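Participant: Dropping the structure in here first, questions after.
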Amino acid sequence: NAGVTQTPKFRVLKTGQSMTLLCAQDMNHEYMYWYRQDPGMGLRLIHYSVGEGTTAKGEVPDGYNVSRLKKQNFLLGLESAAPSQTSVYFCASRGGNSYNEQFFGPGTRLTVL
Amino acid sequence: KNQVEQSPQSLIILEGKNCTLQCNYTVSPFSNLRWYKQDTGRGPVSLTIMTFSENTKSNGRYTATLDADTKQSSLHITASQLSDSASYICVVSPYPNRDDKIIFGKGTRLHILP
């Protein structure tokens, strides 16, 4: 039981390049989330999904796209990376009860030059 | 605007000592408050959750308290250990629960010295 896994762990991009971050969970959770964590700031929600085939915008969605084609996977895409997207990205998932805790992945450290 | 403020920003204590971290929030109406522990280079892990009707919750050496009237919560760590060195994040959910309205505090960075 791996919980929430993220691929890759580290990545360096040049401005304008694109990439996809993969999140996978093996807990059969309905809800999945993508956050970014920047120094001196709390975690901020980028996009989230309440079930397979659904996505919704969070607090800071600009410059990102997501897809949830399979229940266990949630992909975060950057079409044209910018230095402002340098951050640590966390994926999380939770079960259907609204009080259920979110389980976080180990994070992806992304640097955009 | 709903906010979550944590204090202190950082704290250094000796191994074996106790400490208390603070969280003040302005979220209203309020549903629940959760404390997370985040080790360096890892994702956050939930320690406790309290709803508006609860005023204390324990998890081993961690005890969280909540005063919904003053909108304050604290996390008390007893007999600290080196493994307690981490960031502690206060997270508040408004009522009704909405995933896009959950607010994460900036965290308190705790350093335990041997």
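Only the coordinates and a few stated rules stand behind these numbers; no lab work does. No experiment lies behind these values; they were computed from the predicted model shown. Cβ atoms come from the backbone with ideal geometry, glycine included; neighbour counts cover every protein chain shown.
Participant: Over the range B:67-114, what per residue volume does the convex hull of the Cα atoms give, in whole Å³?
Facilitator: It comes to 99 Å³ per residue, whole-number rounded.
Participant: How much net charge surrounds residue B:66 when only other residues with a Cβ under 14 Å from its Cβ are counted (Lys, Arg +1; Asp, Glu -1)?
Facilitator: Every neighbour counted, the sum reads 0.
Participant: Oh, and also: Got the relative contact order for chain B handy, in percent, Cα pairs under 8 Å and 6 or more residues apart?
Facilitator: Computed value for chain B: 37 percent relative contact order.
Participant: Rounded to the nearest 20 debye, what is the charge dipole size of chain A about its Cα centre when +1 sits on each Lys and Arg Cβ and -1 on each Asp and Glu Cβ?
Facilitator: 240 debye
Participant: When only DSSP loop residues count, what chymotrypsin sites (Phe, Trp or Tyr not before Pro) in the range B:52-88 have their Cβ near at most 14 other Cβ atoms within 10 Å?
Facilitator: Passing both the DSSP loop test and the Cβ count: B:52.
Participant: Springs between alpha-carbon atoms under 10 Å, Gaussian network over chain B: tell me which of B:66, B:47, B:14 tops the mean-square fluctuations.
Facilitator: For chain B, modelled as a Gaussian network with Cα springs under 10 Å, the answer is B:14.
Participant: So what are the ³J(HN,Hα) numbers for the range A:85-95, from phi and the Karplus equation (6.51, -1.76, 1.60; θ = phi - 60°), rounded to whole Hz, Gly and Pro as x?
Facilitator: Those phi angles translate into 8, 5, 5, 9, 9, 10, 9, 9, 9, 8, x Hz.
Participant: Sticking with this structure for a sec: Name the most mobile residue of A:100, A:65, A:73, meaning the one with the largest mean-square fluctuation, in a Gaussian network model of chain A with Cα contacts below 10 Å.
Facilitator: A:100
Participant: How many angstrom lie between the C-alpha centres of the range A:58-74 and the range B:54-114?
Facilitator: If you average the Cα positions of each part, the centres end up 28 Å apart.
Participant: I would also like to ask the following. For the range A:1-105, what is the relative contact order in percent, using Cα pairs closer than 8 Å and at least 6 residues apart in sequence?
Facilitator: 33 percent
Participant: For each pair in A:9/B:106; A:70/B:106; B:71/B:106, compute the distance between the two Cα atoms and list the pairs where it is over 25 Å.
Facilitator: A:70/B:106
Participant: Another question about this same structure. In the protein assembly as shown, what is the volume of the convex hull around the alpha carbon atoms, normalised per residue and reported in Å³?
Facilitator: Expressed per residue, the convex hull around the Cα atoms of the protein assembly as shown is 123 Å³.
Participant: Report Rg/Rh for chain B, rounded to two decimals, where Rg is the Cα radius of gyration and Rh the Kirkwood radius.
Facilitator: 0.96
Participant: Averaged over every viewing direction, what's the projected area of the C-alpha convex hull for the range A:40-113? Give it in nm², one decimal, please.
Facilitator: Result: a mean projected hull area of 5.6 nm².
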